[in-house]
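Shown next, in structure tokens, is the structure this report addresses.
The values are calculated or read from the model by the stated rules, or taken from the named source; none is laboratory data. These numbers come from a predicted model, not from an experiment. Because the Cβ atoms are built from the backbone with ideal geometry, glycine has one as well, and the counts that use them run over all protein chains shown. The accessibility values were calculated without ligands, DNA or RNA, using every heavy atom of the protein model including side chains. Shrake-Rupley method; radii C 1.70, N 1.55, O 1.52, S 1.80 Å.
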Amino acid sequence: MFIDRANIFIRAGNGGNGCTAFARQKHRRGGPDGGNGGRGGSIYLEVDKRLKTLIDLRYHPHYRARNGAHGKGKKKSGKAGEDLIVRVPPGTVIRNRKNRELIADLVNPGQKILITKGGKGGKGNASLASSRDPAPRFAEEGQTGEEKELELELKLIADVGLVGYPNSGKSTLLASLTRARPKVASYPFTTLSPNLGVASFKGREFILADIPGLIEGAHKGKGLGVDFLRHIERTSLLIHIVDLTGYGKNPPLFNFQAINEELKAHDPLLFERPQIVAANKMDLKEARENFPQFQKELRNQRYKVYPISALTGEGTEELKEAIAEGLEILGK
Ligand SMILES: Nc1nc2c(ncn2[C@@H]2O[C@H](COP(=O)(O)OP(=O)(O)OP(=O)(O)O)[C@@H](O)[C@H]2O)c(=O)[nH]1
Ligand SMILES: [Mg+2]
């Protein structure tokens, strides 16, 4: 299951109360010396790029910052309540749950916003002394910390895009690497809209996007068109899946090049994106026969080729490792 929404309840800390006290002196009462209350802790939201889902927030929906301490005699101020930082994944949109008003769109790692301010501490009677009332017998109460109910929605930004001919096994691979369950069938254009899934390798997560298959002429509107490529425009890495048994009468190498031409025609930058090639359906004899030639050609073109079977899972662990490594090198 891929969670992209969560509602959370946050409450800033209360301000501490101010203190009413008077200095002690031997023979007469001294001046007012009650200290101020400390301010309550505020709550911030901060983007953490290691997070990819809202799952933690979904299961831990309550956040409360610490209260400020009360003021004390001898003009001692209460300690401020500690702030609380709630971490969210990049691409989280934050709304006020009550009126659905947009509060923030958190995109960049490290981006941090103040979401509720802690309550102000109350003034102690030392701070409240004035010429009219030099010795007040009262102090202020601290302000109550603000409460908010937030609606978080994750706009999914895929790290890795799966591209390839129709029927090459993109959706099967997504299902094999992640918990996503896209429709898989033995005819072209099974996938009609993009699917996303989260894969994890040694504690790091990444999002894969599976889009409808491309064919030559796609940039001119053939097949389902390249409209879907915009879903992978922001990815850092592409997995190019090739059905090693070929497609129709076309040999695998032809298909590989045709897809690259389509990427180039759509957006040269997309074609320049690092590409890992997955030679799929290696459980089939025909694919294994085509493999040596295919691998040789692609090596000459300096591509890394991973033989896999998305169906049996063979070779997919190595592919996952290559993806994780690739993202690491790209600093993602
Ligand atoms: N033998 C074998 N069949 C596979 C393998 N991977 C996928 N298939 C089959 O190939 C067919 C197409 O798989 P899909 O995952 O739907 O392919 P796709 O690339 O998502 O196709 P579209 O969404 O139509 O573009 C299905 O019948 C799969 O079972 C594999 O490694 N070996
Ligand atoms: Mg598909």
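Just give me the residues in the stretch 72-94 being open to solvent by 60 Å² or more (accessible area, probe 1.4 Å) and either under 21 Å from Ile55 (Cβ atoms) or not assigned by TED's automatic domain parsing to the domain that holds Asp48 (or both), in sequence order. I'd like the intermediate steps shown before the answer.
So in the stretch 72-94, the residues open to solvent by 60 Å² or more (accessible area, probe 1.4 Å) come out as 72, 74-77, 79, 82, 85, 87.
Correct list: Ile85, Arg87.
For residues that are away from ligand 1 (no atom under 11 Å from the Cβ) and either touching a strand residue (DSSP E or B) at 6+ places or on another chain (Cβ under 6 Å) or open to solvent by 40 Å² or more (accessible area, probe 1.4 Å) (or both), tally how many sit in the stretch 224-248.
Taking the stretch 224-248 and keeping what is away from ligand 1 (no atom under 11 Å from the Cβ), we get 225-227, 229-240, 246, 248.
The next check asks that each one be either touching a strand residue (DSSP E or B) at 6+ places or on another chain (Cβ under 6 Å) or open to solvent by 40 Å² or more (accessible area, probe 1.4 Å) (or both); those that pass are 227, 230-235, 237-240, 248.
So the count comes out to 12.
For every residue, the table says whether it meets (1) in contact (Cβ under 8 Å) with a residue 12 or more places away in the chain; (2) away from ligand 2 (no atom under 16 Å from the Cβ).
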| position | (1), (2) |
| --- | --- |
| Glu233 | yes, yes |
| Leu237 | yes, yes |
| Ile241 | yes, no |
| Leu263 | yes, yes |
| Asn280 | yes, no |
| Asn290 | yes, yes |
| Gln301 | no, yes |
| Pro307 | yes, yes |
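I'm trying to understand the selection: among the residues of the stretch 152-173, which are of a type outside the set (A, V, I, L, M), away from ligand 1 (no atom under 16 Å from the Cβ) and either open to solvent by less than 10 Å² (accessible area, probe 1.4 Å) or over 30 Å from Ser309 (Cα atoms) (or both)? Step through it out loud before you land on a result.
Of the stretch 152-173, the ones of a type outside the set (A, V, I, L, M) are 153, 155, 159, 161, 164-172.
Checking the rest, the ones that are also away from ligand 1 (no atom under 16 Å from the Cβ) come to 153, 155, 159.
If the condition is that a residue be of a type outside the set (A, V, I, L, M), away from ligand 1 (no atom under 16 Å from the Cβ) and either open to solvent by less than 10 Å² (accessible area, probe 1.4 Å) or over 30 Å from Ser309 (Cα atoms) (or both), then Glu153, Lys155 are the ones that fit.
Within the bounds of the stretch 47-63, is there any residue that is closer than 24 Å to Gly118 by Cα and hydroxyl-bearing (Ser, Thr, Tyr)?
yes
Would you pick out the residues in the stretch 106-165 that are part of a loop (DSSP other than H, G, I, E, B) and within 16 Å of ligand 2 (Cβ to nearest atom)? Even if it seems obvious, please write down each step before you answer.
Let us first name the residues in the stretch 106-165 that are part of a loop (DSSP other than H, G, I, E, B), namely 107-111, 117-124, 129-146, 155-159, 165.
Ala158, Tyr165 - these are the residues of the stretch 106-165 that are part of a loop (DSSP other than H, G, I, E, B) and within 16 Å of ligand 2 (Cβ to nearest atom).
Could you please find all residues in the stretch 189-208 being loosely packed, with under 13 Cβ neighbours inside 10 Å and at positive phi? Show your work before the answer.
Initially, the stretch 189-208 is screened for residues loosely packed, with under 13 Cβ neighbours inside 10 Å, giving 192-193, 202-203.
Result: Lys202, Gly203.
Please determine, by comparing only the residues of the stretch 185-223 that are among the charged types (D, E, K, R) and part of a strand (DSSP E or B), which one is farthest from ligand 1 (Cβ to nearest atom). Walk me through it before giving the result.
In the first step, residues of the stretch 185-223 are kept if they are among the charged types (D, E, K, R); the result is 202, 204-205, 210, 216, 220, 222.
Right, trim to part of a strand (DSSP E or B) and you get 204-205, 210.
Details: Arg204: 25, Glu205: 22, Asp210: 6 Å.
Ranking the qualifying residues of the stretch 185-223, first place goes to Arg204.
If you take the residues in the stretch 174-188 that are open to solvent by less than 60 Å² (accessible area, probe 1.4 Å) and either in contact with a Leu (Cβ under 6 Å, 6 or more places away or on another chain) or modelled with pLDDT of 80 or more (or both), which one is nearest to ligand 2 (Cβ to nearest atom)?
Looking only at the stretch 174-188, we keep the residues that are open to solvent by less than 60 Å² (accessible area, probe 1.4 Å), and these are 174-178, 180, 182, 185, 188.
Those still in the list that are either in contact with a Leu (Cβ under 6 Å, 6 or more places away or on another chain) or modelled with pLDDT of 80 or more (or both) too: 174-178, 180, 182, 185.
Working: Leu174: 8, Ala175: 10, Ser176: 13, Leu177: 14, Thr178: 14, Ala180: 11, Pro182: 6, Ala185: 8 Å.
Applying the filter and picking the extreme gives Pro182.
So which residues in the stretch 225-262 are in a helix (DSSP H, G or I) and small (Gly, Ala, Ser)? Spell out the reasoning first.
Restricting attention to the stretch 225-262, the residues satisfying the condition of being in a helix (DSSP H, G or I) are 227-232, 252-262.
Result: Ala258, single match.
Quick one: in the stretch 43-71, which of the residues that are more than 23 Å from the chain's Cα centre (by Cα) and of a type outside the set (Lys, Arg) is surrounded by the fewest Cβ atoms within 10 Å (Cβ to Cβ)? Explain how you work it out, then say what you get.
As a first pass, look at the stretch 43-71 and keep what is more than 23 Å from the chain's Cα centre (by Cα): 65-71.
Right, trim to of a type outside the set (Lys, Arg) and you get 65, 67-71.
On the way: Ala65: 26, Asn67: 27, Gly68: 31, Ala69: 20, His70: 25, Gly71: 31.
Looking at the filtered set, the residue picked out is Ala69.
So which of Glu140, Glu149 is modelled with pLDDT of 95 or more, at negative phi and either surrounded by fewer than 18 Cβ atoms within 10 Å (Cβ to Cβ) or near ligand 1 (Cβ under 8 Å from one of its atoms) (or both)? Outline the logic, then answer.
Details: Glu140 fails: either surrounded by fewer than 18 Cβ atoms within 10 Å (Cβ to Cβ) or near ligand 1 (Cβ under 8 Å from one of its atoms) (or both).
On inspection, the qualifying residue turns out to be Glu149.
Just to be sure before I move on: is Pro251 surrounded by 14 or more Cβ atoms within 10 Å (Cβ to Cβ), out of contact with any His (no Cβ under 9 Å at 6 or more places or on another chain) and modelled with pLDDT under 95 in the structure I sent?
Values: surrounded by 14 or more Cβ atoms within 10 Å (Cβ to Cβ): yes; out of contact with any His (no Cβ under 9 Å at 6 or more places or on another chain): yes; modelled with pLDDT under 95: yes.
In short, yes.
Matching residues to (1) within 16 Å of ligand 1 (Cβ to nearest atom); (2) among the charged types (D, E, K, R):
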position: Leu284; (1), (2): yes, no
position: Ala287; (1), (2): yes, no
position: Tyr303; (1), (2): no, no
position: Tyr306; (1), (2): yes, no
position: Leu311; (1), (2): yes, no
position: Glu317; (1), (2): yes, yes
position: Gly331; (1), (2): no, no
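Given the residues Glu216, Glu272, Glu261, which is the only one that is under 31 Å from the mean Cα position of the chain (by Cα), among the acidic types (Asp, Glu) and open to solvent by 10 Å² or more (accessible area, probe 1.4 Å)? Outline the logic, then answer.
Values: Glu216 fails: under 31 Å from the mean Cα position of the chain (by Cα); Glu261 fails: under 31 Å from the mean Cα position of the chain (by Cα).
When all the criteria are applied, what remains is Glu272.
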